[in-house]
């Protein structure tokens, strides 16, 4: 498990979690993101997760697969996941390599992602332990 | 091929001033082989410089020797000895002096030949007179200096002016060959008494004249190609417009043959269009595409998938029966694609997806 400064910030917005990826992640960072996110879903009783990859100009197959895994794990823990901010080049490279997001919904940007979640799992205030 | 590149102005007079710069001969020869970007960009009028026309003797003496080297060097492989070079140089000096003396007469002869051959009929008599003068002067200057740089630039400049007027390659090559012929005839006339001398004059004249013809033709063709490339680029750009029709709704009409290069461009423009216009729905209308092959069809599917990754859904409209059959035959998986018969239906569906409700108001424009 890698340590050091997080390359992903996970922000809580009521019952939604917003994971904003700042830079390209290697495999262990990806796993770290997965574990943190899934753990926080439980801690904050979140019902929606947004993963913002707008800062990424590459997304490898492991990254795409892990995002799909996160979405599935989040679903099992009761949260709907949406991936936002895929850049045009990344999008086309992904389909050319035959890797989609395996059924995970996508949206143009954070705003769209919030609207998408709001229409399906309304945001509700959360009372629980304060974030770290 | 080479691109037009501005460079320091070539100054024939200045070049004569520093004739001991041997490399100029090599450079000129190299330039004639590969019209390199190093080609200078002289003032197109420099060739018509009254000095060069009025002072036929200006190249005499040691200056003339070095200046005449390049044409001599263009001869066949066995390098001429110093004395031969010297003789050749003197001949060329004599020759250009002769051509400059009879400038008016020879130019008129040439212009008459052009008229007889029905070349350059797109140009007015006035333009013809101007152009023939400058081509003539350029021609003589190349014979004199052996440097084709000025001519190259002039030819490019001339091509730029005459191509839009529909002048063909054969005309341009034709007039240069006519000038070559006119000058050669005049040399025949002058030296007909002395066959050996005539022979040597032609030895000096021919390679230089061939090189000139070559330079002009190449410059003209290059200019044409440049124009064609430019037009291709603009056609490509025009041919894939991404049009916003409602807020968050884009239309992408595809007209004309979709090859893989264009398909790639369509994808690129569409994906960046989705981001700029924050589109949620895109209608791709391929009524105007006569045919698609497997590669393009797969590319289209990828475009749809990529758009979905960016949060936009795509509706494809206007699949012709032929294309539909092709797609089914080659087994492209279109199950995830939302296709609708025509553009109108596609727009209606898009409006429904976006929550628009368009109704027609009663009493408007009823006849």
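Laboratory data are not the source of any read-out in this text; all were calculated from the coordinates shown. Note that this is a predicted model, so its numbers are computed, not measured. All Cβ positions, glycine included, derive from the backbone under ideal geometry; neighbour counts span all protein chains shown.
Summary of computed values
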{"item": "Average other protein chain Cβ within 10 Å of Cβ, residues A:89-102", "result": "5"}
{"item": "Cβ neighbours within 10 Å from other chains - mean over B:308-318", "result": "5"}
{"item": "Most fluctuating residue given options A:93, A:64, A:119, as computed from a GNM of chain A linking Cα atoms under 10 Å", "result": "A:119"}
{"item": "Gain in span if fully extended, residue B:328 to residue B:117, counting 0.36 nm per residue against the direct Cα distance", "result": "70.1 nm"}
{"item": "Prolate/oblate/rounded call for the range B:178-219, Cα gyration tensor, a/c under 1.5 rounded", "result": "oblate"}
{"item": "Segment residue B:126-residue B:295, length gained on full extension (0.36 nm per residue, minus Cα span)", "result": "55.3 nm"}
{"item": "Average beta-carbon neighbours from other chains, 10 Å sphere, peptide B:261-270", "result": "1"}
{"item": "Estimated distance in nm for a label pair at residue B:287 and residue B:265, the labels positioned 7 Å out from Cα along Cα-to-Cβ", "result": "2.3 nm"}
{"item": "Rounded to 5, percent antiparallel among DSSP beta bridges of the range B:243-354", "result": "20 percent"}
{"item": "Simple label model, 7 Å out from Cα along Cβ direction - residue B:232 to residue B:170, nm", "result": "2.5 nm"}
{"item": "Sorted largest first, extent of the range A:8-120 alpha carbons per principal axis (Å)", "result": "36, 30, 23"}
{"item": "Convex hull (Cα only) mean projected area of the range B:243-354, reported in nm² to one decimal", "result": "6.0 nm²"}
{"item": "Cα gyration tensor shape of the range B:210-254, rounded if a/c is under 1.5, else prolate or oblate by comparing a/b with b/c", "result": "prolate"}
{"item": "Most mobile listed residue (A:56, A:37, A:67) in chain A, GNM with C-alpha springs under 10 Å", "result": "A:56"}
{"item": "Computed FRET value (nearest 0.05) for residue A:123 with residue B:246, which takes r as the C-beta separation and R₀ as 41 Å", "result": "0.90"}
{"item": "Virtual spin-label span in nm between residue A:36 and residue B:184, 7 Å along Cα→Cβ", "result": "8.2 nm"}
{"item": "Mean Cβ count within 10 Å, highest first, over the residues of peptides B:127-136, B:256-265, A:41-50", "result": "A:41-50, B:127-136, B:256-265"}
